[in-house]
1. Mind listing whichever residues of segment 134-156 are surrounded by fewer than 18 Cβ atoms within 10 Å (Cβ to Cβ), out of contact with any helix residue (DSSP H, G or I) (no Cβ under 8 Å at 6 or more places or on another chain), touching a residue at least 24 places away in the same chain (Cβ under 8 Å) and of a type outside the set (A, V, I, L, M)?
2. Can you work out which of the residues in segment 152-161 that are in contact with a strand residue (DSSP E or B) (Cβ under 9 Å, 6 or more places away or on another chain) and not polar (S, T, N, Q) is farthest from Lys101 (Cα to Cα)?
3. Which condition does Asp31 not pass, out of (1) among the charged types (D, E, K, R); (2) surrounded by fewer than 16 Cβ atoms within 10 Å (Cβ to Cβ); (3) farther than 18 Å from Gln99 by Cβ, if it passes all the others?
4. Which is under 27 Å from Thr203 (Cα atoms) and of a type in the set (Lys, Arg), of Arg84, Arg75?
5. Please identify the pairs in which a residue from segment 260-280 that is over 17 Å from Ser241 (Cβ atoms) has its Cβ atom under 7 Å from the Cβ atom of a residue that is small (Gly, Ala, Ser), counting only partners at least 6 apart or on another chain.
6. Regarding segment 185-198, can at least one residue be identified that is part of a loop (DSSP other than H, G, I, E, B), under 27 Å from Arg75 (Cβ atoms), touching a strand residue (DSSP E or B) at 6+ places or on another chain (Cβ under 6 Å) and not aliphatic (A, V, I, L, M)?
7. Within segment 41-154, which strands (runs of 3 or more DSSP E) (wholly inside it) include 1 or more residues that are modelled with pLDDT under 95?
8. Find all pairs meeting these conditions: Cβ atoms under 9 angstrom apart; at least six residues apart or on different chains; first residue within segment 247-258 and under 17 Å from Thr227 (Cα atoms); second residue acidic (Asp, Glu).
Amino acid sequence: MSKISVVMPTYNAERYVKEAIESVLNQSFGDFEYIIVDDGSSDDTMSIIRSFSDKRIKIFENKHDFIGSLNIGIRSASGKYIARMDADDLMYCERLKIQYKIMEEEPELAVCTSWVRTFGENIAGNILPSYVGVLKYPLYHLLQGNFLFHPTAMIRTSFLYEHILEYQNYEFAEDYKLWVEIAKRGGLFYIESQPLLFYRINTEQVSYQKRKEQAETALRIRWEILTYLLKLNSNHYPNLSLMLESMSLAKNQGLLTDDRILSFFYDLFSENQSRFILES
């Protein structure tokens, strides 16, 4: 059994998939299986994938169903950890080695992510930072939005299996929903304060083409988080729900926006962390 299962879905990725695969196969840490799930590509993606003869590569084919393809990858993983990867990005050669060491040294961690460095045509190679180290109260932080870079994630496989977790049908924000469900079950997150992935920026990305739909799904998830946190605190602070009802009425009258309401509660929790229950 391999120590790590790298899971990478592909869809019409003929322009970039060769480089992505090479960046994985050239990792300094070699004890991994490489699960590639093609999501119904109609271009030369599959022929490029099949041109590699590395025994670590395991190929699966699926109809065009991205979330389903991600779950095929998870269910097929035999490694102690699952490392996510996208078909248009590039791993730093030390990525798996660094994340494996972190997860081994911190057995309470459920997820380890990192910063990324952007690249692409006419794109400056900027580092996109996030939080640093172990994230205290991850559910409360996720109320702000999804700040974790999905293709940098290494996930403890046993945590997913123990809690029967996989990607849900939250289109274009399935990773955000998974982080929330992990946080609800007490999973800890660690963010490595260096880029371990070259993150490609291009207009063909789903996150670019479907950014409006992604924002709508993310807003739905933020409301779910707030509802959950209010329920956790309902015995000690029942008036919080009344506050939300009043603010929702003001929103219906055009006086408040969703973001203003969610930001208000985030600030309230932030300023009174010791008083509120912010984790399950």
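1. Tyr137
2. Filtering segment 152-161 for residues that are in contact with a strand residue (DSSP E or B) (Cβ under 9 Å, 6 or more places away or on another chain) and not polar (S, T, N, Q), the one farthest from Lys101 (Cα to Cα) comes out as Leu160.
3. All conditions are met except number (3).
4. Values: Arg75 fails: under 27 Å from Thr203 (Cα atoms).
None of the others qualify; the one that does is Arg84.
5. Final answer for the pair search is Glu279/Gly186; Ser280/Gly186.
6. Scanning segment 185-198, I find at least one residue that is part of a loop (DSSP other than H, G, I, E, B), under 27 Å from Arg75 (Cβ atoms), touching a strand residue (DSSP E or B) at 6+ places or on another chain (Cβ under 6 Å) and not aliphatic (A, V, I, L, M), so the answer is yes.
7. On the way: elements: 57-61, 81-84, 109-119, 133-135.
Where strands (runs of 3 or more DSSP E) fall fully within segment 41-154 and carry at least 1 residues being modelled with pLDDT under 95, they are 109-119, 133-135.
8. Filtered contacts from segment 247-258: Lys251/Asp258.
The values are calculated or read from the model by the stated rules, or taken from the named source; none is laboratory data. Nothing here was measured: the structure is a model prediction, and the numbers come from that model. Note that we place each Cβ from the backbone using ideal geometry, even for glycine, and neighbour counts take in every protein chain shown.
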